[in-house]
Amino acid sequence: MTSDPDVVVDVRDVCKDFPVGMGFRKKRVLDGISFQVRKGEIFGFVGPNGAGKTTTLKILMGLIRPTEGGAQILGHDVSETGFREHIGFLPENPYFYDYLTGREFLRFYAELCGVPRGERRGRIATLLEWVGLENAGDARLRTYSKGMLQRIGLAQALVHDPEVVFLDEPMSGLDPMGRVEIRDLILRLRADGKTVFMNTHILPDVEMVCDRVAIIVKGKIRYEGQIETFLKSGEERPTQVVLARVPVELAPKIEEDFESEVRGFQDRIEVRVAEKDVGALLWLALGAGADVISVTPQRASLESIFLNAVEEVGQ
């Protein structure tokens, strides 16, 4: 394992097998995965359903043991318990005592996590304000919406001021406004110096908030690194050109000259060409009397990289 103090989570060659049927056969859910999470970053752990995301998180939380390999958090093996006072965890489907109010709920967890009695009231008030629930702190949890429960769950994960926060599908099932609220909270965590490990499959949110990402498919890490590196890598991206008042004879000539499929209706067409061919296409189109409606470079996205990773292994 690494001795780098900036590495907060270190996973090395982890495999996990589960028995199948009567237990005579085993299914390998994680197949030698390795990755690192550095201090103060938001790390997105991304994969399709069944890829091994939750199994990985359970290993990190010490809920199950790996078959092979090992993992550390804050320099401690995940089988240890003493360091856990420095981590916070929000599971995907947490169970809350819904007869408690938000304030009572946080008070319960503050006591459970060892927050000194004299600090609890102030800490709870700060967290309720921080997650936007100061006006709902005395309402029972059974009256909370899904977004409010996610926010109170985040407050619970932060009640003891942990260094590292693990979030399992924090935006699953939320409406657009709820996703924005949780996304803003995650960015606030980073601004406060926390390290965030976010297990999710909602790619636009990962692309917006994460510093680095690992993509897991069928139990193996297919990509790992900075978001910017992913989006700048790969072959030249195409450019989408939309033309209007297109003469009938122009479309087949564009298809022949640029080896690109032309799509359109009546005298309006759309074509994608390599960036290097945009000038030649515009010269041809304007020379034929067509109007140029738009020229839009197509940037790479985390979604396209994710789909490529899934297709490569036939998920």
Report summary line: Within the range 157-201, restricting to residues that are closer than 29 Å to residue 75 by Cβ and among the charged types (D, E, K, R), the one that is most open to solvent (accessible area, probe 1.4 Å) is 188
**Report entry** Condition met for residue 101 (at pLDDT 95 or above, among the hydroxyl-bearing types (Ser, Thr, Tyr) and farther than 30 Å from residue 12 by Cβ)
**Finding:** yes
Query raised in the report: What are the pairs, 6+ residues apart or on separate chains, where a residue within the range 274-303 that is within 30 Å of residue 203 (Cβ to Cβ) has its Cβ under 6 Å from a residue that is at pLDDT 90 or above?
Result: 293/242; 293/244; 294/242; 295/241
Query - the range 17-43, residues that are in contact (Cβ under 8 Å) with a residue 24 or more places away in the chain, over 13 Å from residue 219 (Cβ atoms) and open to solvent by 40 Å² or more (accessible area, probe 1.4 Å) - result: 36, 38, 39
Report summary line: Screening 14, 46, 7 for residues that are β-branched (Val, Ile, Thr), surrounded by fewer than 19 Cβ atoms within 10 Å (Cβ to Cβ) and touching a strand residue (DSSP E or B) at 6+ places or on another chain (Cβ under 9 Å) leaves only 7
Query raised in the report: Do you know which residues across the range 50-96 are touching a Phe, Trp or Tyr at 6+ places or on another chain (Cβ under 7 Å) and either open to solvent by 50 Å² or more (accessible area, probe 1.4 Å) or at positive phi (or both)?
Result: 74, 76, 89
Report task. Could you please give the count of residues in the range 121-134 that are in a helix (DSSP H, G or I), farther than 15 Å from residue 189 by Cα and open to solvent by less than 40 Å² (accessible area, probe 1.4 Å)? Result -> 1
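The values are calculated or read from the model by the stated rules, or taken from the named source; none is laboratory data. This is a predicted model, so every value here is computed, not measured. Note that each Cβ is placed from the backbone with ideal geometry, even for glycine, and that neighbours are counted across all protein chains shown. When the accessible area is computed, the model is the full protein with side chains, heavy atoms only, and any ligands, DNA or RNA have been set aside. Shrake-Rupley method; radii C 1.70, N 1.55, O 1.52, S 1.80 Å.
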